[in-house]
Amino acid sequence: MASKTMTTSEFILEKVGGAENVANLTHCATRLRFQLHDQSKADQKALDSNPDVLGVVPQGTTGLQVVMGGGVADYYQALITQPGMGESAKASNGKKQYDGVRGKYSWVDYCFEFLSDTFRPVLWALLGASLIITLLVLFDTFDIQDFREPTDSTFIFMHAMWQSVFYFLPVMVGACAARKLGANEWVGAAIPCALLTPTFIGMGEPGDVVQVFGLPMVLNGYSGQVFPPLIAAIALFWVEKGLKKIIPSAVHMVFVPFFSLLIMIPATAFVFGPFGIGIGNGISNLLNSVNEFSPLILAIIIPMLYPFLVPLGLHWPLNAIMIQNIATLGYDIIQGPMGAWNFACFGTVTGVMFVAMRERDRQMRQVSLGGMMAGLLGGISEPSLYGVMLRFKKSYLRLLPGCFAGGLVMGLVPMIIPSVDAVTASAFVFTSLLTIPAFNSVGLYVAGIAVAFFTSFFLVVFFDYRSDEEKISAREASAEYERSMAEEAAADATVSAAPAAAAAAGTAGSVAVADAPAPATTEKTALRPGAVTTVSSPLAGRAVPLSEVPDPMFSGGNVGQGLAVIPTGTTVTAPGDGQILALFPHAVGIRLDNGIELLVHVGLDTVELEGKGFTSHVEKKQRVRAGDPLLSFDPEVIAAAGKPIITPVVVQNHRKFASVEAHTADSVDANSTIITVTAK
């Protein structure tokens, strides 16, 4: 039986238009991020109605974000193993992301996409460092060590553990930004590295002017900076692009990085670095001026804006400003008020969980519990936002008062009681229960987030979060969910009982593909533990090991386990009864009735032929019998295009089985066994 994650992933792939409609797929902390060839083919309503999907957000004209919550990585792994997805990923990865996105988005869309994809990989290190800071702040609170001036070597070393992340942050940002744009990520990292070396730092103090190449260079401190490496990465993309046009391709590897470094390191030190620091300082000073003029204004505006920025992905630039504030000022003034928004969000979803428990709504209870835990412990708001807030009309009317009330407390108290300092953060953190010690004026911060949390919580508990129509719809959805769960449990019980019944009837030994299976639109006919089955060759030719396939994705077993056939025939046939899962002009995926999912990929890089020389005889989801022709191909057309004819035949869901054994032979046909599968 397919796991719930696999079943949901198959559903998602089908509703986005199938693997053939996916140009690229990545994921962040909570979202699957699709780039589609045709966004109109995606059934967004069906996706949004699935209880495992927390929300669906179109992005631009080709992007689609499917919010899955904290388990997004599992769904991503399940998706990339689906038939056709490996080919889609390979095709998309071969093209620079900058060109692909820039051609399909407005410049505004791309700017936010660029910032998002630059900072997302770095967040892991930043969050890890922020929790180390939180731990050290706790040691300071209990007088175990002085956070500002540690003297014990153990604590000095622990400070080095978090300072390393912020000190070398420009290197990480430079690498991620260059990779996003399509430039070489290691050159992107090497540029800020040059400005962090002891040699460069030893030239003088920040603000000094030295003569380099006979020109005046203003020295700056670049540790913790984010805007200089961002600007340098953008310039690097254009420099590399220009160099590749004038340097012969045979020596690109030698001279493109040589001239890139020779040009970009001085350009960054003279121009891009100071300019980037100026931009960051300007934004930080502007926000600081607003805060000095009226902390109340900033404390209310930030939490009231975030509920509208996050769904659009427009909150990422503020992350850069927070980091810039810490590098420039030594503290950040945004994260405190931002905590009011986060905890109002977590209070809303906790209220939803309370209502769901009261109404015995198991589906909504699961959604809200996941959102609450991700928020309170991880500081991640997307599961709450997409699972609840963007689905129900009145939820924002419960959320925004909490944002306002929490921000009001944080901004108003320092004005009324001058002895109370405004809330600031000493590190870049996600605002959760675990990171509370990272804020100064902890009492005021706790009061603000508590007011935000309980304001939204009680509004939901007493006034609900749904309109009357949504309540009726929710009850119907809950009843349908309960029915589906009951049906699945009953089906599982039937499948579990089948092996025992077979054993009682004297059934034993191995099972062949041709054995009479139950209806095969589901894997509930999967082999019993220890059963052995065989797969016949889907085409005539010579069977060779996968290691002979000149493609690392296939030869390395990334796509699946099996072998390859060097065909002598021109037709791919069904090796057993089953259903077509995926269909391309050059490849076909079939799920056999015993649960084996087989991919037959005719030739390598044959996707570039765009169907020329291929003829399909079936349709996706079509039921087929053993021996039915699936697709035909013209070897001469493939050879004329310079593409290898070798054809991988692999079991894509091989991890479900105890073993997948390939049988090579000089000659195979439809009557030849090429793969033996043993069930777990």
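Side notes on the structure shown:
- For residue 630, residues with placed amide H under 5 Å, excluding near neighbours: 572, 573, 574
- Filter on 4/656; 15/643; 4/680; 41/621 - keep pairs with C-alpha separation over 24 Å: 15/643
- Taking 7 Å steps out from each Cα toward its Cβ at residue 678 and residue 135 produces label points 4.4 nm apart.
- For the stretch 533-680: accessible area per residue (Å², 1.4 Å): 39
- Relative to the compact-globule estimate of 2.2 N^0.38 Å, the Cα radius of gyration of the stretch 203-271 comes out at 1.31.
- Relative contact order for the stretch 178-286, counting Cα pairs under 8 Å that sit 6 or more residues apart, in percent: 32
- Under Karplus coefficients 6.51, -1.76 and 1.60, residue-wise ³J(HN,Hα) of the stretch 372-377 in Hz, glycine/proline x: 5, 5, 4, x, 5, 9
- Shown here for the stretch 579-656: trypsin sites (Lys or Arg not before Pro) in loop regions (DSSP other than H, G, I, E, B) with at most 15 other Cβ atoms within 10 Å, namely 612, 621, 625.
- In a fully extended conformation the segment linking residue 247 and residue 43 would gain 68.8 nm over its present Cα-Cα distance, using 0.36 nm per residue.
- The calculated FRET efficiency for the pair residue 161 and residue 329, based on their C-beta separation and a Förster distance of 22 Å, comes to about 0.45.
- Förster-model FRET efficiency, 45 Å R0, residue 471 and residue 412, C-beta, rounded to 0.05: 0.80
- Between the stretch 431-450 and the stretch 335-377, the C-alpha centres lie 18 angstrom from each other.
- What the phi angles of the stretch 251-268 give under the Karplus curve with 6.51, -1.76 and 1.60, with θ = phi - 60°, is a coupling list of 10, 4, 4, 8, 8, 5, x, 4, 6, 4, 5, 5, 8, 7, 5, x, 4, 5 Hz, glycine and proline written as x.
The values are calculated or read from the model by the stated rules, or taken from the named source; none is laboratory data. Quick caveat, the model's predicted, so the values are computed rather than measured. Every residue, glycine as well, gets a Cβ built from its backbone with ideal geometry; the counts of neighbours run over all protein chains shown. These area figures cover heavy atoms from the full protein model, side chains too; ligands, DNA and RNA do not enter into them. Shrake-Rupley method; radii C 1.70, N 1.55, O 1.52, S 1.80 Å.
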